[in-house]
Every structure is written in structure tokens, then in C-alpha cells.
Amino acid sequence: TRTIDLAVIAGDGIGQEVVAEGLKVLDAVVSGQDVTVRTTPYDLGAARWHRTGETLTAEDLASLRGHDAILLGAVGDPSVPSGVLERGLLLRLRFELDHYVNLRPSRLFPGVGSPLAAPGEVDFVVVREGTEGPYVGNGGAIRVGTPHEVANEVSVNTAFGVERVVRDAFARAAARPRKKLTLVHKHNVLVHAGHLWRRTVERVNAEFPDVTVDYLHVDAATIFLVTDPSRFDVIVTDNLFGDILTDLAAAITGGIGLAASGNVNPDRTSPSMFEPVHGSAPDIAGQGKADPTATVLSVALLLDHLGYGQEAARVEAAVAADIANRGTATRSTSEVGDALAAAVSAAVPA
Ligand code: NAD
Ligand code: IPM
Ligand code: MN
């Protein structure tokens with residue numbers, strides 16, 4: 001019997017609700033197979049912070065390192081100052097566990113409504129750098145609150161960090177039918193980082209000669225995501241551009257409720273972490289309104305990462321079928337989870 005040893009950080013707001021459904025589907029897809037899922041819940045997020053003042057201790061981190069993977073719902077709550085949990089918990093996990101590939105696939109499932117009049121066939125993946133850029137916290141402020149305040153956020157881009165994510169993106173592009181990689185940056189203004197990214201892509205391209213490369217400034221990339229999203233295959237970009245582009249990518253492919261992600265450590269020196277792209281959605285939390293599909297698709301990415309490709313495919317197929325038949329009826333979070341769990345169970349091969 002194989003075991004999936006999973007750490008679960010449900011977190012805040014709708015994180016709790018959607019993770020419950022993700023686990024439901026995970027259990028259903030492995031049921032009757034020679035696979036056991038062992039889950040360990042971690043009490044991390046707003047409640048823990050209010051109680052103890054802690055976001056993520058050294059003990060939490062050491063314990064998390066021992067699992068095969070992490071499933072995360074969302075963190076962040078209006079009762080906690082903005083940035084405390086986002087930086088102290090979520091980003092800290094991505095940095096400490098060296099999740100340098102933030103994988104964010106976008107696919108327009110048949111039957112999904114897109115706000116675009118003519119989206120065409122949309123199936124691309126954003127490889128967002130996950131450990132550098134303006135996210136590192138290399139900033140500071142002086143004269144805070146005065147008319148002469150200076151507030152700096154420095155984007156850190158290292159040759160090592162850029163090269164490893166670019167190489168990963170090339171490998172992903174080479175494995176896809178269209179073999180196309182688009183670098184998105186802003187090298188007309190951010191000349192130091194931008195040219196490092198551009199030179200790195202040019203150099204690594206020599207290792208992947210069958211991959212076609214093009215480049216877009218990030219502002220223009222937002223135009224094409226709306227006017228011609230089918231032109232994209234693999235996008236590689238920095239941490240902040242990737243954050244922004246992937247909310248837009250979600251919006252054009254059925255909404256944030258469907259967008260999945262993996263914070264991947266390709267070297268497998270620590271567990272990778274899978275989570276919906278969306279946040280804790282305080283505006284709908286506790287009402288059973290959140291769509292758990294993004295979390296369920298994140299579970300599919302998790303299964304794929306751990307070598308359960310067939311199970312991952314079954315989860316994706318169940319989601320695709322569910323989406324195709326959704327129509328306009330509103331279902332609660334758990335109704336969607338129940339339907340998906342039933343669909344993956346029914347699909348178990350004899
Ligand atoms: P958000 O993604 O939480 O919400 C944006 C909008 O999308 C809201 O109207 C929300 O109701 C809706 N939405 C989100 N997920 C949905 C779902 N599954 N089904 C239906 N509707 C959904 O972004 P925000 O409002 O900018 O941030 C709220 C909090 O979450 C903040 O504290 C933020 O820092 C945090 N956040 C956390 C993560 C994460 O944990 N990965 C990601 C983004 C934001
Ligand atoms: C995301 C979120 C996070 C990010 C925040 C909450 C730190 O927006 O996962 O997209 O910016 O990466
Ligand atoms: Mn985001």
C-alpha cells in the first residue's frame with residue numbers, strides 16, 4: 001500500500017470550506033485503490049495568531065517538512081493587519097520550502113462562460129517565479145507618516161534564481177505540443193532585472209532548441225490575455241507580474257473559483273504546496289458560497305506531482321464534466337464537492 005502523507009493548512013475564511021471539499025474528492029479518488037491518504041491538520045492562520053501571536057514557528061516548519069506535500073486553503077483575515085499572515089505564513093512557506101516554481105495553469109473548460117466574446121481555445125500555464133522579485137521583503141521606509149516618507153520595495157533577481165525557473169519553464173514548454181515559451185517582463189523600464197531575464201532565456205533556449213520563444217512587456221501581455229489568449233502556451237515571468245497575470249488569466253477562463261496552483265520545489269528537497277489561486281474571500285466566508293473547484297483542481301496538481309497521474313486525470317475529468325453540466329443553478333460549496341467526489345468514485349476503473 002502506498003501512502004500519501006499530507007499536511008493540511010486550511011487557513012482562514014473560505015480556506016476552511018474549500019479544503020474540506022478538496023479532501024473529500026482526494027479521499028474519493030483513491031478509495032478502493034491501494035493508496036492511503038493520511039492527513040495532518042495544522043492550526044495556522046488568523047485564529048492561531050490571535051491566540052498566540054505566532055504565524056509560523058520553527059517547530060511548525062520542521063514538522064511540515066516531514067510530509068509528502070501540503071494542501072493549503074487561503075490565509076489572510078480582516079482582523080489581522082494586512083501582510084502579517086501573507087508574509088509571515090504564506091510567503092514564508094514558499095521561501096523556506098524553496099517553492100521556486102509557482103505553477104498556474106489556465107484552461108477554458110468546454111461549457112465555461114468567459115467574459116470574452118471570442119476566447120478561442122485557451123490552454124496555457126504561467127510559470128511564476130516564487131522565491132524572488134519584490135516579494136523578498138528587501139525594502140524599508142523612513143520618515144513614515146510624514147510628508148517626506150520614503151517607501152522602498154526592492155525587486156531581487158539573482159542569476160541563480162532566474163536561471164532555475166527559466167529552465168523549468170523551458171522543460172515544461174518542450175513537453176507540450178506547441179512548445180512555445182513567452183517571457184513576460186518590462187525590460188524597457190526595469191532594465192537591470194529585465195535584461196537578466198532576457199539574457200537567461202536566450203541562453204537556456206540553446207538547451208531547448210525546439211522551443212519557440214517570444215517576449216511581451218507585461219502591459220502588452222494584459223492586452224493579449226484579453227484579445228488573443230489562445231496565443232499563449234507557457235508564460236515565464238517574475239513573482240509580482242505572475243501574481244497579477246494569473247488573476248487575469250483566471251478571470252478569462254471561468255473565474256477565480258476555478259484557478260488552481262502549485263508551489264513546486266522541482267528538486268524535491270522539501271514538500272511542494274498546492275492551493276487555489278484565490279484568497280480567503282472574507283466577503284463570502286462562512287456562507288457556503290465559495291466554489292471549491294479551484295482547490296479540487298489543486299488536488300489534481302498535487303496528485304500529479306506525487307506520481308499519481310491517473311488519479312489526477314480522473315479528478316480533472318470529473319471537474320470538466322461537472323463544469324460542462326453546471327448551467328446556471330447555484331450550488332453550495334459542499335454540493336459541488338459532493339458531486340465531484342461522486343463523479344471520481346464512479347469513475348474508478350474496475
Ligand atoms: P480573494 O481571492 O480572497 O477574493 C477576491 C474576490 O473573489 C472576492 O469577491 C471573493 O468573494 C471572490 N472569490 C475568491 N475565491 C472564490 C471562490 N472560491 N468562489 C467564489 N468566489 C471567490 O482576494 P482578496 O479579496 O484580494 O483577498 C482577501 C484576503 O485573502 C486578503 O487577506 C489577502 O491577502 C488574502 N489572499 C490570500 C491568498 C492565499 O492564501 N493564497 C491569495 C489571495 C489573497
Ligand atoms: C496569491 C496571493 C499571494 C501572492 C499573497 C496573499 C501573498 O495573492 O497566492 O496569488 O501575492 O502570491
Ligand atoms: Mn494573487
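Bear in mind that the values in this text are calculations on the coordinates, not laboratory data. Since the structure is predicted, the reported quantities are computational estimates derived from the model, not experimental observations. All Cβ positions, even for glycine, are placed from backbone atoms using ideal geometry, and neighbour counts span all protein chains on display.
Å³ per residue of the Cα convex hull, for segment 139-289?
So the per-residue Cα hull volume is 186 Å³.
What is the distance, in nm, between label points placed 7 Å from the Cα along the Cα-to-Cβ direction at Ser82 and at Ala317?
4.4 nm
Just going by the charge dipole of segment 132-253, with Lys and Arg at +1 and Asp and Glu at -1 on Cβ, which of Asn138, Thr246, Val201 is farthest out on the positive end?
Working it through, the farthest residue towards the positive pole turns out to be Val201.
Pick out which of Ala312, Ala339, Ala249 has the largest mean-square fluctuation in a Gaussian network model of the chain, springs linking Cα atoms closer than 10 Å.
Judging by the Gaussian network model, the answer is Ala339.
Taking the Cβ of each residue in Ile223, Ile14, Ile256 as the centre, tally the other Cβ atoms inside 10 Å and list the residues starting with the fewest.
So the ranking, lowest neighbour count to highest, is Ile223, Ile256, Ile14.
For Asp68 and Asp338, what does the FRET efficiency come to when R0 = 35 Å and r is the distance between their Cβ atoms, rounded to the nearest 0.05?
With a Förster radius of 35 Å, E is 0.85.
Over the chain, one equal point on each Cα, no solvent: what is log10 I(q)/I(0) by the Debye formula at q = 0.07, 0.10, 0.13, 0.15 Å⁻¹?
-0.29, -0.61, -1.05, -1.39
Please tell me the relative contact order of segment 256-325 in percent, rounded to the nearest whole number, where contacts are Cα pairs under 8 Å and at least six residues apart.
31 percent
Sort the following peptides by mean Cβ neighbour count (other Cβ atoms within 10 Å, averaged over residues), highest first: 127-138, 107-118.
127-138, 107-118
Checking the cross-link filter: which aspartates and glutamates have an alpha carbon closer than 19 Å to that of Lys186, excluding same-chain neighbours under 8 positions apart?
Of all the aspartates and glutamates, those that pass the test against Lys186 - Cα under 19 Å, at least 8 places apart if same chain - are Glu129, Glu132, Glu153, Glu163, Glu202, Asp214, Asp219, Asp238, Asp243, Asp247.
Please identify which residues in segment 204-237 have an amide N closer than 11 Å to a label point set 7 Å out from the Cα of Ser114, following the Cα→Cβ vector.
Backbone N within reach: 225-232.
Taking the chain as a Gaussian network, Cα atoms linked when under 10 Å apart, which of Glu21, Glu163, Glu202 shows the biggest mean-square fluctuation?
Glu202
What's the ranking of 173-186, 271-284 by average number of surrounding C-beta atoms within 10 Å, highest first?
Taking the mean over residues of other Cβ atoms within 10 Å, the ranking is 271-284, 173-186.
For a Förster distance of 41 Å, can you work out the FRET efficiency between the beta-carbons of Ile223 and Ala346, rounded to the nearest 0.05?
0.45
For the chain, what's the relative contact order in percent, using C-alpha pairs closer than 8 Å and at least 6 residues apart?
25 percent
Just want to confirm a number: the relative contact order over segment 132-253, from Cα pairs under 8 angstrom separated by 6+ residues, in percent.
RCO, segment 132-253: 28 percent.
In whole Å, what are the Cα extents of segment 228-350 along the three principal axes, biggest one first?
Projected onto its principal axes, the Cα set of segment 228-350 covers 38, 38, 32 Å.
How about segment 138-177: which trypsin sites (Lys or Arg not before Pro) there lie in a loop by DSSP and see at most 13 other Cβ atoms within 10 Å?
Within segment 138-177, the qualifying trypsin sites (Lys or Arg not before Pro) (loop, at most 13 other Cβ atoms within 10 Å) are Arg143.
Given +1 on the Cβ of Lys and Arg, -1 on the Cβ of Asp and Glu, and no further charges, what dipole in debye does the chain carry about its Cα centre, rounded to the nearest 20?
520 debye
Whose amide H sits under 5 Å from the amide H of Val37, counting only residues 5 or more places off or on another chain, with H placed in the peptide plane?
The list, which skips near neighbours in sequence, is Ile4.
Would you work out which of Ala47, Val101, Val234 lies farthest towards the positive end of the dipole of the chain? Charges go on Cβ: Lys and Arg +1, Asp and Glu -1.
Val234
Take Leu240 and Asn325, extend 7 Å from each Cα along the Cα→Cβ direction, and tell me the distance between the two endpoints in nm.
Roughly 4.6 nm, to one decimal.
Give the calculated FRET efficiency between Ala174 and Arg38 to the nearest 0.05, with a Förster radius of 45 Å applied to their Cβ-Cβ distance.
The computed FRET efficiency comes out at 0.80.
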